[in-house]
Amino acid sequence: MTDVRPLVRRFYLYYLTNSYGLYLPVSVLYLLEVRQFGLAEIGAIKAVFSFALVAAEIPTGYLGDRIGRRASLALGNGLSALSLVAYVFVDTPVEYMLLNVVWATGWAFRSGTVDAWLYELLASRGAADDFARYRGRASTVLLVVSAGTALLSGVLATVDWTIPFFANAALAASGIPLLLTLPATADAAVEADSADADEAPEDAPENAPDDELFTVRDAVWTLRLQLGRPSVRWFLVYAALFAGLFGLTRSFEQPAAAAVGVPLPAFGALYAAFKLVSAGVAASTGWFEDHLGVAGVFLLVAPVVGVFYAGALVLPVLVVPVLFLNRAVHTILQPVRNQYLNDRLTDVGRATVLSGASMALSLASGLAKLGGGAVAEGTGAVRTIALAGVVVALGAGVLWVAVSPVRSASGAGSVGEKRPSVAD
């Protein structure tokens, strides 16, 4: 097996350019304080981002399979940088909605592609089984950098509201030249097999797909085929519940924190703490997968979420630890979820299917944000978040009993399952 550590270190360097730590701690506050938007308007703006992801995931995933992973990622970084600059120049809710369409497109270029790219690079060097571990560590790097920039964000905003947005745009743009230092997946496969070029495996076309053979019809057919499998379909339904909860909680966490007495100057430190806690959790993602398996991780998340979110209904100040829990749960579930899906896919169409999964999760998130904004106008951000968590936990429990969303090779869910095989 080829030593992947030099490649992974360069990947970490690129991945940190995806940080939004500079602008994120003041993003909703900017809409509340500077633009004077209400919670329903903010919920609608956030929902448009998620709905735009639904529309963008399939074509961007398809392009990721057609034009190559690096080109797709470069487009994503460029559109993100453009959107961050434009954030301080638009004025109305409708303009922010339109901006979020552009931003979501940039996000979609990276959502499925970055995982497909990393998985294939590792697979070409015989390290595919380490995907969740390296992906989790990449999240750790990203979160640590984001924690530092979050502290800086509050200081910059006190000087000028626009500085955090411009600085974050520069960081996103720097990812484009960094991509040139990393190999394309096809190049990586050739490089890894160059010593045994005369003994290339028979499945080489699947490791380096022929663009001329992979058409739009193939992409749609592949997506329909994979989503038709119970082990994929019900897993995504279950994951969508927590994706919706994560999106709703993230959208209203700043108003909720302010409602329980967190002062505005402390938001930078609060977000830095979010990142540091998430970084610690991300570093242990491999441990959770190794010891609990995918089924164990997804089974335990429901009661944990239910207990913590219910606590905020009784004592509103407990919404602060709920916000930490929300970040931690998402940090663990994302790489474990993608490991589960990657283990069931071939290289041909991989980014298309992963983007299709992101599409379903984005739809769930968008609906939760839209509905949450309407509810929050009447009940407040804290109570809306708490109620949503209880409902999701109960729904997840019912789904687990009814359809066994995480399935082993034999088709049944198992808490002891370590890693499912490709065949269901």
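Bear in mind these aren't lab numbers, they're just calculated from the coordinates by the rules spelled out. For clarity, every value in this text was computed on a predicted model and none was experimentally measured. Virtual Cβ from ideal backbone geometry, glycine too; neighbours counted across all protein chains shown.
Quick rundown of the values:
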quantity: The stretch 225-295: C-alpha gyration tensor shape, a/c 1.5 cut-off, then a/b vs b/c; calculated: oblate
quantity: Net lengthening on full extension, T92/L315 (0.36 nm per residue, minus Cα-Cα); calculated: 76.7 nm
quantity: Overall Cα dimensions of the stretch 89-140, principal axis frame, Å, largest first; calculated: 50, 20, 13
quantity: Net lengthening on full extension, A259/L394 (0.36 nm per residue, minus Cα-Cα); calculated: 46.0 nm
quantity: Inter-site label distance for V85 and S174 at 7 Å from Cα along Cβ, in nm; calculated: 1.7 nm
quantity: All-pairs Cα distance distribution in the stretch 1-59, expressed in whole percent, bin size 10 Å; calculated: 17, 27, 29, 18, 8, 2
quantity: At R0 = 30 Å, FRET efficiency that the Cβ-Cβ distance of L13 and A128 yields, to 0.05; calculated: 0.85
quantity: Rough spin-label spacing in nm, given labels placed 7 Å along Cα→Cβ, for V237 and L300; calculated: 2.6 nm
quantity: Residues W103, W287, W117, W161 arranged by fewest to most Cβ contacts within 10 Å; calculated: W287, W161, W103, W117
quantity: Relative contact order (percent, whole number), the stretch 2-131, Cα cutoff 8 Å, 6+ residue spacing; calculated: 32 percent
